Each structure stands twice: as C-alpha cells, then as structure tokens.
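The values are calculated or read from the model by the stated rules, or taken from the named source; none is laboratory data. Just so it is clear, the structure is predicted and the values come from calculations on it, not from any experiment. Here the Cβ positions follow ideal geometry from the backbone for every residue, glycine too, while neighbour counts run over all protein chains shown.
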C-alpha cells in the first residue's frame, strides 16, 4: 500500500491509500469513481506518494520511500489496472474489482524527486 497525497482547494493535504504499479517511467494508480483525489489532480497536478516498508535499513531505521511528482489523469482503464494490481497485492487468483465496475480514472505520476530510507536510496 502507498499513501497518495494531493492538494485540496484550500491548500490542505488530502491522503488516500492506493495500490501502485509501474508503466515505463511512470507510477500508475487507479480510481473507479471520480473521488476528491481525481478532482484535486485535475486542478493541481502536484502529488506525493509515501510507501512504508516492513523492513529495517542497515542503520536500523524503518525503510520508506517518498516520491514527489506531477500527475495527469486519464479517463478509463481503471478496472483493468486494478485487476492487474490485485494479482500483486492480493494474490495470483484475485478477482478485483467486480464485473460491473465503471471505467474510472488512471493517475500517471512522473517522479521528480525521490527520498527515503533504504538500500535503494544510495
């Protein structure tokens, strides 16, 4: 799981738990309904993602990843992306979402700055 942070109209942060995948150089996230995170990114494309790891770094700290980037939203394809991600997050036989899911929205996040704690950060 990752936490997607978008910016509300009043400038405050909005946080959503999301599944994340890779598509080339972009991170991809799906949303079935047009939730606040979709409207926020349509208005202001700046986002951050936070991923917490259950492992410790060589320094003994909890590993984590923070990605700052710019997102764009495209309509459609969310159910298909969620099905792909369900196999990763829930297991190879997972079926998610249901058959009558709306087309939804896909976030395409281009990472611009990566921070955190872990072997990858060197």
Fill in the blank from the handout: Here, strands (runs of 3 or more DSSP E) confined to the stretch 8-122 with at least 3 residues that are surrounded by 12 or more Cβ atoms within 10 Å (Cβ to Cβ) and touching a residue at least 60 places away in the same chain (Cβ under 8 Å) are 26-31, 46-56, 105-117
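For every residue, the table says whether it meets (1) touching a helix residue (DSSP H, G or I) at 6+ places or on another chain (Cβ under 7 Å); (2) at pLDDT 95 or above; (3) more than 22 Å from residue 35 (Cβ to Cβ).
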residue: 48; (1), (2), (3): no, yes, no
residue: 51; (1), (2), (3): no, yes, no
residue: 69; (1), (2), (3): no, yes, no
residue: 73; (1), (2), (3): yes, yes, no
residue: 76; (1), (2), (3): no, yes, no
residue: 81; (1), (2), (3): no, yes, no
residue: 85; (1), (2), (3): no, yes, no
residue: 96; (1), (2), (3): yes, no, no
residue: 99; (1), (2), (3): no, no, no
